[in-house]
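Read the structure below first, then the notes.
The values are calculated or read from the model by the stated rules, or taken from the named source; none is laboratory data. This is a predicted model, so every value here is computed, not measured. Methodologically, a virtual Cβ is constructed for each residue, glycine included, from the backbone with ideal geometry; neighbour enumeration extends over all protein chains shown. Calculation scope for accessible area: heavy atoms of the full protein, side chains included, ligands and nucleic acids excluded. Shrake-Rupley method; radii C 1.70, N 1.55, O 1.52, S 1.80 Å.
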Number of protein chains: 2
Amino acid sequence: MRLTTKGRYAVTAMLDLAMHGDGAPVSLSDISDRQGISLSYLEQLFSKLRQRSLVNSVRGPGGGYSLARIPDSISVAEIIEAVNESVDATNCAGVGDCQNGEMCLTHYLWEDLSNQIRLFLGDISLGKLIARRDITSICERQDTASGNRVTVQATT
Amino acid sequence: MRLTTKGRYAVTAMLDLAMHGDGAPVSLSDISDRQGISLSYLEQLFSKLRQRSLVNSVRGPGGGYSLARIPDSISVAEIIEAVNESVDATNCAGVGDCQNGEMCLTHYLWEDLSNQIRLFLGDISLGKLIARRDITSICERQDTASGNRVTVQATT
DNA sequence: TTAATTCCGACTATTTTAGTCAAGTATTAT
DNA sequence: ATAATACTTGACTAAAATAGTCGGAATTAA
């Protein structure tokens, strides 16, 4: 479980999807405009999100992505692990052969901690994140033709 | 809060310190031998750990590092943040000026999540990590002169 | 058909991670 | 005092991950 800005990008994009996907698919260029994430980078992320069946895609005009499940059933842990491909490189394996052929002590300790984090993040869903702050969110995007800037307003 | 192998190195080293520091300071070369982490890399990490007052150093022969506080009062969050210098680059700040001069919605959402993680990891101390698995740990190091390999044994 | 959109692969730049190396400083056993 | 030990510091390098770019496909609504 690696926790970097990459994961935040993915969570942010999925949150955007959850808040704007009223049945209709949302295009990546819309998300790119709203969240300020490069379109091509979003493509990379969503390629992985689709592989993990977290989103569905619709091609062609009017197409885009939509959540594969309801926001309450998609956890932050799933999203982060989808894009980070969890390179769980335990360095202790290659070092000294700990006795009994088992891995060394700290490996277990870290694995334990890692599981706790996974459990914790697995319990935070997109739905919870949205609901946590009772937000009157106005996250509308101006008509593209108008050339206006993104409008995002949040009232606590 | 960034969570990578770098943080695990630091936590591992601090755990080693907690388990071998019987009053006397522990040298980095000992930790390097036991945990298979490069000595110079450990020096970098401990330089930051010392700056954050998580460890004390004793110079000269027989010197080394020891925990600045008892294991129960040193949290995983502190250790990780000490070595990761928490580059909390929120990308939304530079994008579009969200209305009211406030930051955009997802920033708050992520900040919220980030705080929860910090809270969670802040509650896990070195002491708790060691106690979690009731371990009969034999983590002795052979005499240096003998040239023998590190002996690490853990019985569940 | 045309335009909008996802898909796909290769490519690049920047940053971080991980590690090395060398020269230095402080401490203390002898 | 002196030498050994061990920390301290800074510069350097290599590999990997992150972040982003580009060009071109395939698909499909209009």
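Note on exposure: A:ASP123, B:ASP30 ranked by accessible area (1.4 Å probe, complete protein assembly) read A:ASP123, B:ASP30, with the most exposed listed first.
Placing a label point 7 Å from Cα along the Cα-to-Cβ axis, B:SER53 is separated from the same position in the other copies by 5.2 nm, shortest listed first. Counting only other chain Cβ atoms within 10 Å of each residue's Cβ, the peptide B:58-66 averages 0.
Taking amide H as placed 1.01 Å from N in the peptide plane, the amide H of B:SER27 sits under 5 Å from that of B:TYR65, each at least 5 places away or on another chain.
Placing a label point 7 Å from Cα along the Cα-to-Cβ axis, A:ARG69 is separated from the same position in the other copies by 3.8 nm, shortest listed first. Rounded to the nearest Hz, the phi-derived 3J(HN,Hα) couplings of segment B:35-40 under the Karplus curve 6.51 cos²θ - 1.76 cosθ + 1.60 (θ = phi - 60°) are 9, x, 10, 3, 4, 5, where x marks glycine and proline.
For the rotation that carries chain B onto chain A, the axis lies closest to a Cβ at B:LEU3, 2, where the number is the distance in whole Å.
Proximity of backbone amide H atoms, modeled 1.01 Å from N, is registered between B:ILE74 and B:LEU126, B:GLY127 at under 5 Å, excluding neighbours fewer than 5 places apart on the same chain. The HN-Hα couplings worked out from phi for segment A:48-57 by the Karplus form 6.51 cos²θ - 1.76 cosθ + 1.60 (θ = phi - 60°) are 6, 5, 6, 4, 8, 6, 8, 9, 10, 10 Hz, whole numbers, x standing for Gly and Pro. Under 17 Å of direct C-alpha separation, and excluding same-chain neighbours fewer than eight residues apart, B:LYS48 reaches these lysines: B:LYS6.
If you count, for every residue in A:29-42, the Cβ atoms of partner chains within 10 Å of its Cβ, what is the mean? Don't jump to the answer; show the numbers that get you there.
Values: counts 0, 0, 0, 0, 2, 6, 7, 8, 3, 0, 0, 0, 0, 0.
Mean number of neighbouring Cβ atoms from other chains: 2.
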